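To start, the structure itself, in structure tokens.
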Amino acid sequence: MINLRLLQLVSPSLPVGAYSYSQGLEAAVEAGIVHDAPSARAWIADVLALSVATMEAPILLRLIASWGARDHAAVRRWNAELLASRETAELRAETAQMGYSLARLLRDLDDADEIESLDALGEVAFATAFAFAVDRWAIEPREALAAYLFGWIENQALAALRSVPLGQTDGQRIVYALSGGIPEAVDRAAALSDDALANFAPGLALASARHETQYTRIFRS
């Protein structure tokens, strides 16, 4: 049976501010790169394949393992690696804000003594706090990663609904289509060696950088 804590951890109602970020998608809409359901699906699929599945996802697995081993040096290393992989100020601020919010929530929910080791990191990436909760609540790592990726896809689809804009059915079609590739993405992330981690998505980086000075916007990234 699935660990019910995982459902809480990836719930859209989790108060970490995910709804306020588009991760560059809004800028891609402004530039006309994303303009309908097919182009939104293609954009989200590319970011998933070229960035999330090859950098954030494998680092999340490493963070879960590091928390489980109480290897705080490894946690610091992978947290720093993940923060450094954010190409723009907006993307870095996004993961740091969400990480801070999740760490504060976990402190209020669980009051765990180990939370001090999370606080000691200083700036905490969202995946780092997420991995802490996964270990604390004894959630199976690959299930946690699958849910994490589903939550990311769902949030991107919601951002497309608001910024393109799209209809609710279009958004559900995107989630339905892209979530089917999650098992493969999990396998890929689990198989990557440290020197194979990659985050080569220049289109995303440029869109995010342009979003920082975009005149009209509804998202923070």
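Treating r as the C-beta distance of Glu212 and Ser20 and R0 as 25 Å, the FRET efficiency rounds to 0.95. Converting phi to 3J(HN,Hα) with the Karplus coefficients 6.51, -1.76 and 1.60 and the offset θ = phi - 60°, segment 58-71 yields x, 5, 4, 4, 5, 5, 4, 5, 5, 4, x, 8, 6, 8 Hz in sequence order, with x at every glycine or proline. Here the residues Ile139, Ile218, Ile33, ranked from fewest to most Cβ neighbours within 10 Å of their Cβ, fall in the order Ile218, Ile33, Ile139. Our estimate of slack between Asp195 and Leu109, defined as 0.36 nm per intervening residue step minus the Cα-Cα distance, is 27.3 nm.
How large is log10 of I(q)/I(0) for segment 96-221 at q = 0.12 Å⁻¹ when the intensity is taken from the Debye formula with one equal scatterer per alpha-carbon? Taken in order of the listed q values, log10 I(q)/I(0) reads -0.64.
Counting every other Cβ atom within 10 Å of each residue's Cβ, Trp78, Trp152 order from fewest to most as Trp152, Trp78.
Taken one residue at a time, the phi angles of segment 12-23 give Karplus couplings (6.51, -1.76, 1.60, θ = phi - 60°) of x, 7, 4, x, 10, x, 4, 4, 8, 10, 10, 6 Hz. Gly and Pro are set to x. From the alpha carbon centroid of segment 169-221 to that of segment 21-73 is 3 Å. Here is how the number arises for the chain: DSSP H runs of 4 or more residues each give -39500 (n - 2.57), the sum is divided by the residue count, and the result at 222 nm is -19500 deg cm²/dmol. Distance distribution P(r), the chain, all Cα-Cα pairs, bin width 10 angstrom from 0: 8, 35, 38, 16, 2 percent. I want to check the label-to-label distance for Leu7 and Glu123. Put each point 7 Å from Cα in the C-beta direction and report it in nm to one decimal. Computed distance between label sites Leu7 and Glu123 equals 3.7 nm. The HN-Hα couplings worked out from phi for segment 196-207 by the Karplus form 6.51 cos²θ - 1.76 cosθ + 1.60 (θ = phi - 60°) are 9, 5, 8, 9, 8, 9, x, x, 5, 4, 5, 4 Hz, whole numbers, x standing for Gly and Pro. Ellipsoid semi-axes for segment 1-83, based on the Cα gyration tensor and the rule √(5λ), read 30, 17, 12 Å when sorted largest first.
Coordinate-derived values only; no laboratory data. Bear in mind that the values here come from a model prediction, so they are computed numbers and not experimental data. FYI the Cβ positions are ideal-geometry reconstructions off the backbone, even for glycines, and counts take in every protein chain you see.
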